[in-house]
1. Using the alpha-carbon centroid of each, what span in Å lies between region A:553-588 and region A:1-61?
2. So, in Å, what gap is there between the alpha-carbon centers of region A:243-313 and region A:782-850?
3. How large is the Kirkwood hydrodynamic radius of region A:490-636, counting all unique pairs of alpha carbons, in Å?
4. What is the gain in length, in nm to one decimal, between residue A:420 and residue A:554 on full extension, counting 0.36 nm per residue of separation less the C-alpha to C-alpha distance?
5. Would you work out the relative contact order for region A:289-463, in percent, from Cα pairs under 8 angstrom that are 6 or more residues apart?
6. So, by mean Cβ neighbours within 10 angstrom, what's the order for A:400-410, A:664-674 with the highest one leading?
7. Kindly express, to the nearest 10 degrees and within the range 0 to 90, the angle between helix A:835-847's C-alpha long axis and the longest C-alpha principal axis of chain A.
8. Starting from the Kirkwood radius over alpha-carbon pairs of region A:189-300, derive D by Stokes-Einstein at 25 °C in a medium of 0.890 mPa s and give it in µm² s⁻¹.
DNA sequence: TAAATCACG
DNA sequence: ACGTACGTGATTTAT
């Protein structure tokens with residue numbers, strides 16, 4: 001059988017990939033989606049074809065010979081998107097690293113290059129597969145030249161194949177005739193004028209009958225429809241030109257040596273490193289790096305007897321760094337270790353080996369865990385992933401030695417969704433782990449990686465000045481959050497149940513009256529059905545649309561509510577339904593046997609450094625609306641305890657005042673004035689005492705807008721005013737606070753330079769969107785750059801306060817405990833007789849967590865439930 | 001699994 | 001002219 005060659009149209013496939021693969025960026029902020037997509041398509045093809053030769057062609061973008069023939073060439077091609085442009089050299093570098101031949105030839109169109117190559121290769125007796133996204137290349141199909149057009153359908157690439165006969169079958173004409181069809185119908189994208197009034201149907205019919213335009217011209221009087229004939233006659237010169245333009249050159253002057261195109265093993269070290277840098281997770285798994293892995297697994301060692309394990313701990317205690325892993329299942333560690341004879345396994349990595357062991361009659365799990373905890377007091381660094389999850393079974397002797405690899409990796413790039421041992425190994429140790437390892441092997445590796453990655457993670461944290469953030473804030477916080485999760489919050493479950501009942505009745509009433517007003521029964525929860533009822537059946541005026549239909553979001557409905565009673569009913573229904581399903585019923589499912597809810601707090605989730613909460617989310621319990629707020633009455637303290645709640649007053653604006661050093665804002669805070677009123681007075685040019693409620697409300701919205709990275713549209717939307725008015729507000733604001741304007745501008749421009757922003761405590765957030773050529777994306781990047789340092793610094797401050805508060809409670813041996821954090825608010829379940837002390841601690845620690853140019857102020861309340869205490 | 005909606009800061 | 005506020009998580013419907 002003949003040797004095979006694969007020819008790939010580089011730009012065309014890269015372009016396909018760019019628009020077919022969602023935007024990807026690596027941690028340097030480089031856009032990588034097109035290269036990634038290209039490689040996927042290429043490897044898919046290569047696996048199918050297993051060719052002997054492979055060439056990727058590139059054209060240089062300039063008007064070319066063929067196109068220059070057309071005098072009115074206007075270059076309707078859009079300039080390449082910046083994100084795509086960046087990826088062209090990246091792809092070439094990758095191909096070079098993979099030892100894949102590339103050909104480019106200045107002044108030659110991709111098509112002509114491919115045409116010439118395929119023709120020559122066929123003449124050499126090769127089987128040719130030509131990969132392109134461009135259907136023009138179909139004219140190149142022959143018995144031995146197969147045109148392959150990849151299509152991305154829902155993430156999967158499917159390839160359409162065309163030999164000459166397939167072209168005939170699909171288009172009704174031979175590849176050669178295909179040129180003439182195009183000459184008649186034209187192609188705006190390629191600046192081929194064609195013959196006016198002749199579309200694909202007519203053109204195909206004519207060529208089917210006469211094979212080419214010349215013969216057709218000879219029979220121009222007989223052509224059907226007559227109009228086509230008339231036009232062909234009239235535009236004959238244009239048709240001939242079009243044919244020249246449409247014909248792909250097969251005999252261009254290029255130098256090409258078949259031997260240079262040999263396709264060898266592309267999985268080179270250079271390619272591996274490049275994939276590493278671009279963070280192509282899936283592709284990396286194609287590389288064979290088994291040698292290293294074998295070496296690692298040689299370190300793995302199972303211990304059976306109690307004395308072996310004892311010896312290990314003696315040895316480990318003398319180590320500088322140990323890596324630890326407690327094996328877990330989906331539920332976490334607890335089920336494996338709660339039972340002293342538990343079937344869980346522990347792995348400990350030291351310099352020379354990694355050991356794995358379980359409990360035995362002589363050495364129960366409780367003893368093993370005690371030893372591991374003890375180890376934390378012996379070594380310099382006690383490293384593991386997800387320390388918080390292990391604390392339920394581990395008693396740590398020295399908190400200061402603890403190193404959570406997951407948290408370190410999060411700080412280094414908070415935009416990722418995963419920071420597990422495989423990610424850290426891949427990114428920081430150049431080590432690829434197999435998916436789906438058995439529990440024991442996974443535990444070995446995790447302990448090994450925990451230990452091995454400490455050095456590089458520490459180094460990188462130091463490079464970015466985040467060692468203090470890590471050691472003084474994030475690591476201590478692990479223990480505070482663990483305590484909060486363990487404490488949980490008590491729920492008055494009977495009252496919660498009654499609340500749910502009440503909501504259920506309300507929901508039913510509203511449901512019925514909505515059906516009656518609508519004149520039919522439908523699913524109110526379905527935005528689709530609701531949209532049809534409101535905007536089609538009842539013909540309400542509709543403005544906003546979503547991708548799939550009408551928007552029925554609250555903002556839209558609220559504008560209609562005054563005029564249409566059914567709309568207010570729907571809004572009320574939504575509110576009640578939400579309260580019932582998410583809060584009343586939702587929370588009830590999380591009440592544990594101790595009568596409390598133990599939600600989780602996450603430390604490696606948000607892009608800004610905030611904590612997040614789930615299972616259930618305790619940071620979005622209703623408070624703004626009266627009916628929803630009632631649910632806070634079921635959050636109660638233990639008998640003999642009382643709630644003390646403290647929240648920062650405008651922490652983000654104060655942070656902004658500090659960071660921007662704006663004199664007017666600083667002065668306002670120093671004088672403890674009503675900041676929204678002051679803003680109103682400045683923005684609307686009225687004396688402080690004459691500010692109306694509306695003006696104050698608007699000013700408050702402006703202040704929020706500033707923190708979010710202001711835009712006139714956003715503000716106008718929020719205040720239901722015109723964009724002009726919003727612009728005026730913003731302009732007035734910046735005139736009153738020029739320091740803030742300067743700070744925000746400076747922050748954005750620095751972010752564009754560096755690709756990231758930082759908080760006061762050096763927490764970092766990359767902003768890859770800033771280099772986007774897409775206006776919307778770039779604007780988003782700008783708002784992120786303005787917001788992240790403010791929101792992030794506020795988060796840092798709160799974390800410090802939490803650590804200090806928890807520490808002080810512990811120092812004073814109080815029974816009172818932290819139970820919730822809601823970004824700028826802390827809730828403590830305080831022993832009744834300790835309440836005053838707790839208030840004093842909260843005030844002191846929260847107000848003095850940092851020393852800024854403006855005072856930090858908190859409001860403190862107490863109560864017998866969360867409703868009262870807020 | 002994605003999209004729409006809405007609860008919070 | 002583009003089409004938006006920043007950051008989360010849960011529920012529901014529809015694909």
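1. Measuring centre to centre over Cα atoms gives 49 Å.
2. One Cα centre to the other: 48 Å.
3. Answer for region A:490-636: a Kirkwood hydrodynamic radius of 17.2 Å.
4. This chain segment gains 44.4 nm when fully extended.
5. 25 percent.
6. A:400-410, A:664-674
7. For A:835-847 against chain A, the angle is about 40 degrees.
8. On the way: Rh = 19.7 Å.
It diffuses with D of about 125 µm²/s by this estimate.
Any read-out appearing in this document is the output of simple, stated calculations on the displayed coordinates, not a laboratory observation. Because the structure is a prediction, the values reported are computed rather than measured. Quick reminder, even Gly has a Cβ in these numbers, built from the backbone with ideal geometry, and neighbours come from all protein chains shown.
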